[in-house]
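J.: Sharing a structure with you now.
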Amino acid sequence: MKKDTISALATPVGGAICVIRLSGPDAISIADTIFSRDIATAKANTLHYGEIMDDDRCVVDDVIIAVYRAPHSYTGEDSIEISCHGSAYIVQQILILLEAHGARPAEPGEYTRRAYINGKMDLSQAEAVADLIASTNKAQHDLAISQLKGHFSKELDNLREQLLKLTSLLELELDFSDHEELEFADRGELDTLAHEIDNHILNLADSFKTGNAVKNGIPVAIVGKTNVGKSTLLNALLHEDRAIVSDVHGTTRDIIEDTTTINGLLFRFIDTAGLRKTDDTIERIGIDRALSTINRAMVVLWVIDGMPTPEELNDIQNRCKDKHLIIVVNKTDIDKDASQATCSFIASSTPTTTIIKISAKKGNGIQQLEDAIYNSLSLAETTSADVVVSSARHYTILMKAHDHLSAVIDKLSAGISADLLAEDLKLVIDDLASITGQDRIESQETLNFIFKNFCIGK
């Protein structure tokens, strides 16, 4: 890693105050050359008020400088934070001065990358910084904070400690290979522990479905026949006119997708083409996409405006066996008695299915529907109480570790020798280590992939 000094704007230009960061071996001395007060000998974690001066000793701005000394800083290096006024001109002049005195512009994510290299955080925590910056709701924020605090890392550390212990015992057997009667690692205990660890790894991997949904928006499919009010419902849920509403059947021919937040969770609502028999090729494609959307949704809103047939009810239930199905009885303002009869029929046929009565056009029942969507998932408790995997990289590595550990379990059953078991266990340990970067050298390609989406100054 480059050991020079870097500088970058850490906040957007245009506000009342902007913060400029420096980090590296010469951060304090460079700041000292353009500051009106002596900070070369300043104590760590102190603030200093003064003026930034250009090379002609003309005042650029009144600022406050924060001094941090290694290793007690975000990057683990000597660091400076300059709080100046938010003028684009002032910021530009200060950055020009810093570069002229030896602080090169930072690359995207370089501050956090240095924090990782210098041991201030592991790799999964570094990734959590980007997620925290990108979070737009409470659930995303809670996931990122949990990972940033090292909850996921602690889970992996516990698993690796157990694997390391077993590997050490197996390698000890190899040191005494001349004594075939010696067995330091009980095979039955090893098999039991291997299964326990594998189950734990699979549970973490299974949480990716939840974590990915929270991170990118929980997919909710709005399906039903033509002209039952799906597009009107989408507009009501989004609180804006996003979809075209018409009395003409087959108006929606492709999926329409947008997001909104309900009780701190991001939901991705997907309006689909009306389900009906048609000879229109384009509409048929839209219907096929609607059916495909059900497969990738976590929640399905089946919108109806009249009494469904038992066959229709059975069909939607079969399509949503592993989904959260909510049956939405729309247009209840037109005929309340008919709507109530519909609800009674569905409740008697499928007593465990959630039924919500609404009028999408008038907005009646929308709040109750939002609550039902939110409560159907129970994600609020999950994301705040458990370790949830939200990174596709982590999921892929966990599944790789599962494959290697499955090989260990198979070889245990086959009575394979300790040396081969130890090698396979090392592969599992390396897999888990690659998530956090612990005791392992990460390739430059991997690091570049992780940090490429960071903003400059972080």
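J.: Step through the table entries K323/K362; K120/K411; K209/K331; K323/K361; K138/K336; K138/K165, compare each Cα-Cα distance with 31 Å, and write down the pairs that go over it. List each step's numbers first, then the result.
T.: Numbers: K323/K362 28 Å; K120/K411 39 Å; K209/K331 34 Å; K323/K361 26 Å; K138/K336 38 Å; K138/K165 39 Å.
From K323/K362; K120/K411; K209/K331; K323/K361; K138/K336; K138/K165, over 31 Å: K120/K411; K209/K331; K138/K336; K138/K165.
J.: Okay, moving on. Could you rank H200, H402, H85, H72 by how accessible they are, 1.4 Å probe, largest area first? Don't skip to the end; give the middle numbers.
T.: Working: H200 65, H402 35, H85 90, H72 130 Å².
Sorted by accessible area, descending: H72, H85, H200, H402.
J.: While we're on this one: Over the range 82-150, what per residue volume does the convex hull of the Cα atoms give, in whole Å³?
T.: Working: hull volume 8.4 nm³, N = 69.
Residue-normalised Cα hull volume stands at 122 Å³.
J.: At 7 Å along the Cα-to-beta-carbon direction for both N364 and R57, put a label point, then send me their distance in nm to one decimal.
T.: 8.0 nm
J.: Then there's this: Working from the pairwise distances between different alpha carbons, so that the mean of 1/r is found and then inverted, what is the range 1-104's Kirkwood radius in Å? Please report the intermediate quantities before stating the final value.
T.: Working: mean 1/r = 0.0748 Å⁻¹.
Computed over Cα pairs of the range 1-104, the Kirkwood hydrodynamic radius comes out at 13.4 Å.
J.: Cα-based Rg of the range 111-163 per 2.2 N^0.38 Å, rounded to two decimals?
T.: Details: Rg = 12.0 Å, N = 53, 2.2 N^0.38 = 9.9 Å.
After normalising by residue count via 2.2 N^0.38 Å, the value is 1.21.
J.: Ordered by packing density, taken as the mean number of other Cβ atoms within 10 Å over each peptide's residues, highest first, how do 331-338, 191-198 rank? Each step should come with its number before you reach the end.
T.: Working: 331-338: 14.1, 191-198: 16.5.
Per-residue Cβ counts within 10 Å, averaged per peptide and sorted highest first, yield 191-198, 331-338.
J.: Given a Förster distance of 45 Å, report the FRET efficiency between S168 and N203 from their Cβ-Cβ distance, rounded to the nearest 0.05. Could you put the intermediate results ahead of the total?
T.: Details: r = 26 Å, r/R0 = 0.57.
My answer for the efficiency is 0.95.
J.: Now for a different question. For the range 20-164, count all C-alpha to C-alpha pairs, find those more than 23 Å apart, and express that count as a whole percent of the total. Provide the component values of the computation, followed by the final result.
T.: Working: 4887 of 10440 pairs.
Tail of P(r) above 23 Å: 47 percent of Cα pairs.
J.: Would you kindly derive the ³J(HN,Hα) couplings of the range 59-74 from the backbone phi angles with the Karplus curve 6.51 cos²θ - 1.76 cosθ + 1.60 (θ = phi - 60°), listing them in order in whole Hz, with x for Gly and Pro?
T.: 6, 8, 5, 7, 9, 10, 10, 9, 10, 10, 10, 4, x, 8, 8, 4
J.: Given a Förster distance of 22 Å, report the FRET efficiency between D191 and T396 from their Cβ-Cβ distance, rounded to the nearest 0.05.
T.: Working: r = 26 Å, r/R0 = 1.20.
E(calc), rounded to 0.05, equals 0.25.
J.: Among 156-163, 26-33, how do they line up from the highest to the lowest mean number of other beta-carbon atoms within 10 Å? Write out the running numbers ahead of the final one.
T.: Working: 156-163: 17.9, 26-33: 21.2.
In decreasing order of mean packing, 156-163, 26-33 become 26-33, 156-163.
J.: While we're on this one: Determine the principal axes of the Cα atoms in the range 72-120, then give the extent along each, sorted from largest to smallest and rounded to whole angstroms.
T.: Each principal axis gives a Cα extent; for the range 72-120 these are 36, 19, 18 Å.
J.: Keeping all protein chains in the complex and leaving out DNA, RNA and ligands, what accessible area do you get for V59 with a 1.4 Å probe, in Å² to the nearest 10?
T.: 80 Å²
J.: Follow-up. Which peptide among 105-112, 75-82 comes first, and what is the full order, when sorted by highest mean count of other Cβ atoms within 10 Å? Provide the component values of the computation, followed by the final result.
T.: Working: 105-112: 20.6, 75-82: 24.0.
So the order, starting with the most tightly packed, is 75-82, 105-112.
J.: Do me a favour and compute the ellipsoid semi-axes for the range 312-376 from its Cα gyration tensor, root of five times each eigenvalue, largest one first, whole Å.
T.: On the way: eigenvalues 79, 49, 17 Å².
Here the semi-axes work out to 20, 16, 9 Å.
J.: Let me cross-check V60: its accessible surface, 1.4 Å probe, with only protein heavy atoms counted, in Å² to the nearest 10?
T.: So the heavy atoms of V60 present about 30 Å² to solvent.
The values are calculated or read from the model by the stated rules, or taken from the named source; none is laboratory data. As the structure is a prediction and not an experimental result, all values here were calculated from the model. Here Cβ is always computed from backbone atoms with ideal geometry, including for glycine, and neighbour counts include all displayed protein chains. Protein only, heavy atoms only, side chains kept; ligands, DNA and RNA dropped before computing areas. Shrake-Rupley method; radii C 1.70, N 1.55, O 1.52, S 1.80 Å.
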